[in-house]
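Colleague: Quick one: the structure is below, questions incoming.
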Amino acid sequence: MPQEELARLQEERLRHTISQALKTPFYRQRFAQLKVDPGKIKTVKDLQRLPFTTKEDLRQGFPFDFLAVPLEEVVRLHSSSGTTGTPTVIYHTAQDLERWTNQVARCLYMVGVRKTDIFQNMMSYGLFTGGLGMHYGAERLGAMTIPIGTGNSKRQIWFLQFFKTTVVHILPSYALLLAQLIKSEGLDPKRDLNLHIMLIGAEPHSEETRKRIEEAFGAKAYNSYGLSEMNGPGVAFECPYQNGMHLWEDYYILEVVDPKTGEPCREGEVGEIVLTTIYRDATPILRYRTRDLASFTAEPCPCGRTHRRISRIQGRSDDMFIFRGVNIFPIQIEKVLMNIPEVGNNYRIVLAREDYRDIMRIEVEIKSELFFGDLQKLERLQERIQAELRSEILVTPEVILVEPGTLPTQEGKAQRVFDHRQM
Ligand code: ADP
Ligand code: ZN
């Protein structure tokens, strides 16, 4: 679709979205406070007169302040991964799911997935959008879809071999590990498997990582970007030219803004991605601050698609980090640690990649009388800290207890996270 036509479609859908937003307690109240006439928000330019919506707004709006349809119209909800406490929830009508399914199917078709493919979905199913989101898109194309989910590498390998899987959806960090495991079974991931397309996403990774994955499997690996607030997978996707990800502008209005000032960035300049849903009824979200940093380009793509492209995600404007696909805020870890009386005042979170496996090591200073006390007590303390962390962040970190005063301190803002993983 020519860009002008796409722009007209966006405006038409934006107007509908504004009318949906007015059905939600959150935006009704917001419009009332702002004294902006919602009827006047007609163009993408007008949209910029509205304030941003943040993750915190979504949290505070839990459970129903962003819901724009009667509950009986809702057929599914999804919730963001990793965070416990007050979750953020996105609701979908049957039509919303239908549209999302087509959106994902479009991405898969774009990179060559067809009904003759065998699609093994190695992302987790459930509240996390990665599993179900891709699943329905692949089924829509008629590919035989294997909802295997994450983990259990032996079983993954067996399925890959037995069904001659041609397409996988996989975390980039897991892809590297899996290649290693396949080799340790005496197999060659290139020669002994049938993979030709890999969809990799849900966590930041570099061009170098992509190349390694492609070389290891002898397949093409396409970058897939999404977030649960904006449906999930399928928000932006690489085309066969692998030169940035087309962001589907018939589903979203894209802005890239300076994270400090909120002012629009120029083409090519890295800023925070801000998205407005324009093709979803149950949970309309206006100007959502994703915290993801990237740039955009409006250069025509050799593939002929007119949707603008965003670069690889370059980082986050907050301190969230992603560990094995799970979003974690250091504050979650801090909250757990600081609730344990035996724990001292300093700790740090070290992320590393060893033998292709991501590990999280949390070094915790404990009170000195304990450190030189009963060894068994110490072991029990260490296990308790680990278990409490696990129930908060949903992954099990290594926990190392250290003597007070041994961890480095900084002047000013403490650096808690030391990420040594090569992207
Ligand atoms: P999901 O359930 O898909 O992981 P979440 O909402 O839990 O969605 O997490 C979304 C976040 O994951 C994004 O905001 C972004 O930080 C990260 N992410 C998703 N896809 C990519 C990608 N291809 N490259 C880098 N980061 C990504
Ligand atoms: Zn393209």
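The values are calculated or read from the model by the stated rules, or taken from the named source; none is laboratory data. Computed from a predicted structure; not experimentally measured. Note that we place each Cβ from the backbone using ideal geometry, even for glycine, and neighbour counts take in every protein chain shown. Areas reflect the complete protein model, heavy atoms only, side chains present, ligands, DNA and RNA absent. Shrake-Rupley method; radii C 1.70, N 1.55, O 1.52, S 1.80 Å.
Colleague: With every protein chain left in place, what is the accessible area per residue of the stretch 93-316 in square angstrom, probe 1.4 Å?
Modeller: 37 Å²
Colleague: A further question on this structure: Taking θ = phi - 60°, what integer Hz values does the Karplus form 6.51 cos²θ - 1.76 cosθ + 1.60 yield along the stretch 276-288, in sequence order, with x for Gly and Pro?
Modeller: These are the phi-based 3J(HN,Hα) values: 10, 6, 10, 9, 8, 9, 6, 10, x, 10, 9, 6, 7 Hz.
Colleague: So what is the 222 nm mean residue ellipticity for the chain from helices alone, if each DSSP H run of at least 4 adds -39500 (n - 2.57) and you divide by all residues, rounding to the nearest 500 deg cm²/dmol?
Modeller: -9500 deg cm²/dmol
Colleague: How many angstrom separate the Cα center of the stretch 341-362 from the Cα center of the stretch 281-335?
Modeller: 25 Å
Colleague: I'd like the per residue volume of the convex hull spanned by the Cα atoms of the stretch 93-316, given in cubic angstrom.
Modeller: Dividing the Cα hull volume of the stretch 93-316 by its residue count gives 114 Å³.
Colleague: From the cross-link list LYS154/LYS377; LYS260/LYS335; LYS35/LYS55; LYS154/LYS367; LYS154/LYS220, which pairs have alpha carbons spaced over 31 Å apart?
Modeller: LYS154/LYS377; LYS154/LYS367, as the Cα separations exceed 31 Å there.
Colleague: I'd like the accessible area for SER317: 1.4 Å probe, protein heavy atoms, all chains in place, Å² to the nearest 10.
Modeller: Accessible area, nearest 10 Å²: 40 Å².
Colleague: If Lys and Arg each add +1 and Asp and Glu each add -1, what is the summed charge of the other residues whose beta carbon sits under 15 Å from the beta carbon of ILE157?
Modeller: Net local charge, ILE157 excluded: +3.
Colleague: Over the chain, what lengths in whole Å, largest first, do the semi-axes of the equivalent ellipsoid take, defined as the square roots of 5 times the eigenvalues of the alpha-carbon gyration tensor?
Modeller: Result for the chain: semi-axes of 36, 30, 20 Å.
Colleague: I'd like the accessible area for HIS420, computed on protein heavy atoms only with a 1.4 Å probe and all protein chains in place. Round to 10 Å², please.
Modeller: 120 Å²
Colleague: Let me ask another. If packing is taken as the average number of other Cβ atoms within 10 Å across a peptide's residues, how do 394-402, 231-239, 133-141 rank, most packed first?
Modeller: Result, highest mean first: 231-239, 133-141, 394-402.
Colleague: May I ask you to order 214-222, 38-46 by the average number of other C-beta atoms within 10 Å around their residues, highest value first?
Modeller: 214-222, 38-46
Colleague: Go ahead and set up a Gaussian network model of the chain, Cα springs under 10 Å, then flag whichever of THR93, THR116, THR53 fluctuates most.
Modeller: Ranking THR93, THR116, THR53 by mean-square fluctuation puts THR116 first.
Colleague: At 1.4 Å probe size, with every protein chain present, just tell me what the per residue accessible area of the stretch 321-419 comes to in Å².
Modeller: 55 Å²
Colleague: Now, a different point. Distance between the C-alpha centers of the stretch 184-201 and the stretch 1-66? Whole Å please.
Modeller: 44 Å
Colleague: So, with a 1.4 angstrom probe, what is the percent of accessible area on the chain that is carbon and sulfur?
Modeller: 51 percent
Colleague: From the protein chains alone at 1.4 Å, what is the descending order of accessible area for SER153, SER391, largest first?
Modeller: Result of the area sort, largest leading: SER391, SER153.
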